[in-house]
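Just so it is clear, none of the values below were taken in a lab; they were calculated from the coordinates. A quick note: this is a predicted structure, and the numbers were derived from the prediction, not measured. Every residue, glycine among them, receives a Cβ derived from its backbone with ideal geometry; neighbour counts consider all protein chains shown.
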Amino acid sequence: MRIQLKGDAICTLFLVVALCTMIYSQLGHTSIREEKMNSRKKPAATSRIFHVPAVLQKRLNTEATAAKSRSISEVKRASVEIQETSVTMMATLTHSAFDFKHYLQDKDNRKFELLVNQPKKCRTNPGGPFLLIAIKSLVEDFDRREVVRKTWGREGPVNGMQVQRVFLLGIPKNKTSLPTWETLVRQESQMYRDVLLWGFQDTFFNLTLKEIHFLNWAEKFCSNAKFIFKGDADVFVNVENIINFLEKRDPSEDLFVGDIIYNAHPIRVRKSKYYIPESMYGLAMYPAYAGGGGFVLSSSTMKKLSQACEEVELFPIDDVFLGMCLQRINLKPIMHEGFKTFGITKPSAAPHLQTFDPCFYKDLMVVHSLKVAEIWLMWNLLHNPRLSCTQKKHVRKAFQWQIRPKRHAKGYPV
Ligand SMILES: *[C@@H]1O[C@H](CO)[C@@H](O)[C@H](O)[C@H]1NC(C)=O
Ligand SMILES: *[C@@H]1O[C@H](CO)[C@@H](O)[C@H](O)[C@H]1NC(C)=O
C-alpha cells in the first residue's frame, strides 16, 4: 500500500514536471509556429521578436498608431529617421538571404534602360486596345509564355473588344542556365511583338522595379488602352468575364480591382521569404494591396499610379509597394470575389469533386498557381462549344469553395 502511494506521488511529480517543461517550450516557440501555421490571428507574439531598443520601440509604436491618418511622405520621413537610428541594428538584423542593407543603399538606383520595346503595341487599333494584358514572366519561362499566347492571352477581339498583350522581362539572374537567352528574346520579339525587356536583374525582390517600369511604359506607349490587366504567367484568366465586367465601366474614372488584402501585418520572422525588418517598414500594418497574381485597373488609374509610384520609396514586395502607391493617390482598391490569387482547394467534404470543373472556372476571373498543362486544358475545356453547366448552381450551393490558406501571403491578415 505504502509503496503504491509512493509510486503514485512520484508519478504525479513526474507528470507535473513534464507538463511544466512542455508549457515552457511551447511559450518559447509560439512565434515560430504561428508563422508556420499562417494563423489568421493577430501575431502578437511575433511582432516583437527582435530586441528593439526601448526608445526606438516606443517611437515605432506611436508611429504605428498614428499611421492611419498620415500621408505617406510623412511616414516615409519618419521611417528614414528610424533607419538612421537603427543603422547599427541593421547589421544584427539582416542575416536572412535578402540583403536589406544593400537594398536600402541601392534603392535610389531605380531607372533602368528599356532594352526591347514594342513602341507600336497600342497603335494597331485606331482607338487603342480595350484591354492591355501585361504578364510578368522570366526569360527562362518560355513555355509559360507560349501557353498564355495560345490561350487566355490571345490578341485580337474578345467579345468584340480589342485585346493586346505584353510580357514583362528582366535580365536573367543565372545566365548560364540559358546561354541563348538573348537570341531567344530577340527571336520572340520579332515573331510575336509582345516582349518588353528592361536592364535590371529579374529577381523576386526586383519585381517592384518591374512594376514601376511597366507603369512608365504604359503611360508613354499605351496611354490609349482603356483598361489594363496585370498578372503572373501561372494564372488562368477568364478574359471574357473581365471584359464583361469592364464594359460597364468608364476608363476615365478610377478603378483598381483584384484580390485585396486588408490590414496585413509585416512579417517579422526572419526565416520568412517576406520578412521585413522594422528598419525598413516601421508601421504595424501594410496599406490595402492586391495579390500580384492578377488585378485590373483603368487607364486613368494607370496614369496616376505611374506618377505616384515615382514618389514612393522602393519596397521589396511589389504588391505591397503598389498598395503604397494607391494609398498615396488615396484610391481604395476594390475587392472582387472572382479574383482567386491564392488558388483554390478542393472542398474536403467532396474529394471526388474536381477543382478542375470548367463550370466552376466559368464564374471566376483569375485563378492562381496553375501548371502550363492545366492552363491549356482549362482554356480548351471552357471554349468547348458543347460545354454545358446546368449542374453549376447545385455544386456551388452544396459546397463552400475555399481560398487556400494564405501560403503565399506576404503579411499576416487580421
Ligand atoms: C545556374 O544554372 C546552372 C544550370 O542550370 C546551374 O548548374 C548553376 O548552379 C546555376 N548557378 C547559380 C548561381 O544558381
Ligand atoms: C536588382 O537589379 C539590379 C540591377 O540589375 C541589381 O544590381 C540588384 O542586385 C537587383 N536587386 C535584387 C534585390 O535582386
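Among 101-108, 141-148, the peptide with the highest mean count of other Cβ atoms within 10 Å heads the list, and the full ranking is 141-148, 101-108. Spin-label model, Arg154 to Asn224: label points 7 Å out along the Cα-to-beta-carbon direction sit 2.4 nm apart. From least to most packed, judged by other beta carbons within 10 angstrom and beginning with the fewest, Tyr286, Tyr275 follow the order Tyr275, Tyr286.
Note on Thr151, Thr176, Thr183, Thr203: ascending count of other Cβ atoms within 10 Å places them as Thr176, Thr183, Thr203, Thr151, the fewest first. Spin-label model, Asp108/Arg270: points 7 Å from Cα along the beta carbon direction are separated by 2.9 nm.
I'd like the distance separating the alpha-carbon centroids of the range 307-335 and the range 166-242, in whole Å. One Cα centre to the other: 20 Å.
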